[in-house]
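Asker: To start, I am sharing the structure in question, which I have written as structure tokens.
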Amino acid sequence: MKKVITYGTYDLFHDGHRRLLQRAKDLGDYLIVGVTTEAYDEMRGKLNVKQSLIDRIKQIQDSGLADEIIIEEYEGQKINDIQKYNIDIFAIGSDWINRFDYLKDYCSVVYLDRTKGISSTDLRNLEGILKIGIVGTGRIAKRFVPEARFVSGIDIVGAYSRNSTNCKKFVSHFELSLAAKNYNELLSSVDAVYIATPHLTHKQLALEAIRQGKHVLCEKPITLNTHCLLELIEEAKQHNVVLLEAIKTAFCPAFNRLVAYAKSGIIGDIKAVDATFTKLTNGNFRELQAEHGGGSFYELGSYPLLAILKLLGKEHCDIRMLQYKPNESEVETYSRIDIIYPHGIGSAKTGLGVKSEGDLIISGTKGYIYVPAPWWKTEYFEVRFEDTNKNRKFFYKFEGDGLRYELAYFSNMIRNKNPQAYQLTTDESKWICSIMESSYKNKCIIK
Ligand code: CTP
């Protein structure tokens, strides 16, 4: 019996899939179809898949073309499957041409012509493309546009910046269509904005967008005081639009796994979280200027606070802060914040122009988890115990700059008409903001 195997996501099962499976089946006597898991798709950067694994499998079953369906969940699995199932032919669409030639050592490899004019991406896009405008054309915005190209169903239409020369340069560099002359022009051309301007300008820009019914993805911290944030959250609720804080780690698949794993009790009760994020800076950037809400904690504190919040919760009972300031007129360049809970302590350290080990350590009553730098782009972590034989290592893939995860999440929230994010709720954003605000009010400064 000649056995054939093929793999795919098969989201929103369409004629291209059906034809591919039919031709693959015709190559032999028995067809095995491998269907990717959500986690594997996420890991290989395929975001925005609409249907669950169960639904995708069901559609293949209903097509009657597969003799057997298996699940594909890790890189390199194809080689194992081909040997395990004694496969004669590996078949795949021509969009993958030459990419699976390495399997020729195990079986014959056939590339079948892809059916023109249809794809899952096209079907997902039928729901409409989400038009996004970028506000502010600085360093982070420059990383955002290339990342956005990995998320299907969105179009970065154009940008607006107070500096029109920079805006035109940005738009032409990224081949966008609109260099808006004013903010209103941008707002009237989009469904949503990504705000990447200095912190103190966020509130006004977000407010204007929300009042015009536009969804907002806003760089962290959205505002530096809770009162302003509450106002924005309330407005977003009233206008039925999504307001999401762009703390990229919150949407990173491996970080979410790490949190779930730590909370599962594997290291016992969590007693301490130590998270550090420091950065060397050259030049007189906004983050070093007091008039722009600069300082290491405002700039970087959202990341360690996110880790502390996810692992120790919102019910803290005290905060201690130490901040180093070169002199009174300048911003702090190093901060250490201890957040005290009835059941443990979270410590956040941030530095600008000061470099330290950017790791995350989660200490528990049975063991600890170590996440090496840069932990905020989680890719790898180790669970360690007194008995080192029990230690375990976990590896994940973190694609690009990671901004694609937050953008995919943002666009899914809009499409699913779900203004409440679970990966970063408005209550969590409020908590982070309130700690930042206290850090400013209660700081103990070392000059
Ligand atoms: N396929 C095909 N013709 C199409 C679309 C897909 O022959 N028009 C084939 C692919 O080459 C692959 C299999 O169907 O062998 C599963 O592809 P999958 O990636 O699930 O489908 P796409 O529609 O290409 O999905 P997406 O748009 O998300 O990339």
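The values are calculated or read from the model by the stated rules, or taken from the named source; none is laboratory data. Only a predicted model underlies this, so the values are computations on that prediction, with no experimental measurement involved. When we count neighbours, we look across all protein chains shown, and the Cβ atoms used for this are built from the backbone with ideal geometry, even at glycine.
Asker: Quick check: anything in region 36-50 under 30 Å from Cys252 (Cβ atoms), touching a Ser or Thr at 6+ places or on another chain (Cβ under 8 Å), assigned to a strand (DSSP E or B) and among the polar types (S, T, N, Q)?
Answerer: So far as region 36-50 goes, yes, one or more of its residues are under 30 Å from Cys252 (Cβ atoms), touching a Ser or Thr at 6+ places or on another chain (Cβ under 8 Å), assigned to a strand (DSSP E or B) and among the polar types (S, T, N, Q).
Asker: Next question, about the same structure. Among the residues of region 1-28, write down those that are within 8 Å of the ligand (Cβ to nearest atom) and within 16 Å of Ile79 (Cα to Cα).
Answerer: Hits for region 1-28 are Thr6, Tyr7, Gly8.
Asker: Among Glu291, Glu330, Glu287, which is closer than 24 Å to Glu219 by Cβ, modelled with pLDDT under 90, of a type in the set (Asp, Glu) and surrounded by 15 or more Cβ atoms within 10 Å (Cβ to Cβ)?
Answerer: Working: Glu291 fails: surrounded by 15 or more Cβ atoms within 10 Å (Cβ to Cβ); Glu330 fails: surrounded by 15 or more Cβ atoms within 10 Å (Cβ to Cβ).
Only one candidate qualifies: Glu287.
Asker: Can you spot a residue in region 29-42 that is more than 31 Å from the chain's Cα centre (by Cα), in contact (Cβ under 8 Å) with a residue 12 or more places away in the chain and within 12 Å of the ligand (Cβ to nearest atom)?
Answerer: Residues of region 29-42 more than 31 Å from the chain's Cα centre (by Cα): 29-32.
Right, trim to in contact (Cβ under 8 Å) with a residue 12 or more places away in the chain and you get 29-32.
Then drop every residue that is not within 12 Å of the ligand (Cβ to nearest atom), which leaves none.
No, that holds for no residue.
Asker: Still on this structure, please answer the following. Look at Ile60 and say whether it is in a helix (DSSP H, G or I), surrounded by 14 or more Cβ atoms within 10 Å (Cβ to Cβ), within 13 Å of the ligand (Cβ to nearest atom) and among the β-branched types (Val, Ile, Thr).
Answerer: On the way: in a helix (DSSP H, G or I): yes; surrounded by 14 or more Cβ atoms within 10 Å (Cβ to Cβ): yes; within 13 Å of the ligand (Cβ to nearest atom): yes; among the β-branched types (Val, Ile, Thr): yes.
In short, yes.
Asker: How many of the residues making up region 380-424 are modelled with pLDDT of 90 or more, under 22 Å from Phe144 (Cα atoms) and part of a loop (DSSP other than H, G, I, E, B)?
Answerer: Adding up the residues that qualify gives 2.
Asker: Answer yes if at least one residue in region 111-132 is hydrophobic (A, V, I, L, M, F, W, C), surrounded by 14 or more Cβ atoms within 10 Å (Cβ to Cβ) and over 30 Å from the mean Cα position of the chain (by Cα), and no otherwise.
Answerer: Within region 111-132, the first condition is being hydrophobic (A, V, I, L, M, F, W, C), and the residues that meet it are 112, 118, 123, 126, 129-130, 132.
From the residues that got through so far, the ones that are surrounded by 14 or more Cβ atoms within 10 Å (Cβ to Cβ) too are 112, 118, 123, 129-130, 132.
Among the residues that remain, those that are also over 30 Å from the mean Cα position of the chain (by Cα) are: 112.
Yes, region 111-132 has at least one match.
Asker: On to the next question. Filter region 43-54 down to residues that are more than 8 Å from the ligand (Cβ to nearest atom), aliphatic (A, V, I, L, M) and surrounded by 16 or more Cβ atoms within 10 Å (Cβ to Cβ), then give me how many there are.
Answerer: 3
Asker: Considering only region 64-92, how many residues are part of a strand (DSSP E or B) and crowded, with 18+ Cβ neighbours inside 10 Å? Break it down into steps so the answer makes sense when it comes.
Answerer: As a first pass, look at region 64-92 and keep what is part of a strand (DSSP E or B): 68-72, 89-92.
Right, trim to crowded, with 18+ Cβ neighbours inside 10 Å and you get 72, 89-92.
Number satisfying all stated conditions: 5.
Asker: Search region 216-231 for residues being in a helix (DSSP H, G or I) and out of contact with any Ser or Thr (no Cβ under 7 Å at 6 or more places or on another chain), and hand back the single one that is nearest to Gly294 (Cα to Cα).
Answerer: Going through the qualifying residues, I end up with Cys228.
Asker: Collect the residues in region 75-118 that are within 13 Å of the ligand (Cβ to nearest atom), under 19 Å from Thr36 (Cα atoms) and among the small types (Gly, Ala, Ser), keeping them in residue-number order.
Answerer: Selection gives Ala91, Gly93, Ser94.
Asker: Kindly list, by first and then second residue, each pair from a residue in region 127-146 that is part of a helix (DSSP H, G or I) to a residue that is at pLDDT 95 or above, limited to pairs with Cβ atoms under 6 Å and residues at least 6 apart or on different chains.
Answerer: So the pair list comes out as Ile140/Ala196; Ala141/Ile134; Ala141/Ala196; Val145/Ile156; Val145/Phe174.
Asker: Return yes when Ser329 is in contact (Cβ under 8 Å) with a residue 40 or more places away in the chain and either farther than 30 Å from Lys390 by Cα or of a type in the set (Asp, Glu) (or both) and no when it is not. Don't jump to the end; show me each part of the working.
Answerer: Working: in contact (Cβ under 8 Å) with a residue 40 or more places away in the chain: no; either farther than 30 Å from Lys390 by Cα or of a type in the set (Asp, Glu) (or both): yes.
Here the answer is no, as Ser329 does not meet what is asked.
Asker: Just checking, which of Gly153, Gly136 is surrounded by 19 or more Cβ atoms within 10 Å (Cβ to Cβ) and under 16 Å from Leu187 (Cα atoms)? Reasoning before the result, please.
Answerer: On the way: Gly153 fails: under 16 Å from Leu187 (Cα atoms).
Criteria check complete, one pass: Gly136.
Asker: Further question: Can you name the number of the only condition in (1) outside any helix (DSSP H, G or I); (2) modelled with pLDDT of 95 or more; (3) under 18 Å from Leu21 (Cβ atoms) that Lys116 fails?
Answerer: (2)
Asker: Take the conditions surrounded by 20 or more Cβ atoms within 10 Å (Cβ to Cβ) and either in contact (Cβ under 8 Å) with a residue 12 or more places away in the chain or over 24 Å from the mean Cα position of the chain (by Cα) (or both) and apply them to Ile5. Does it pass?
Answerer: In short, yes.
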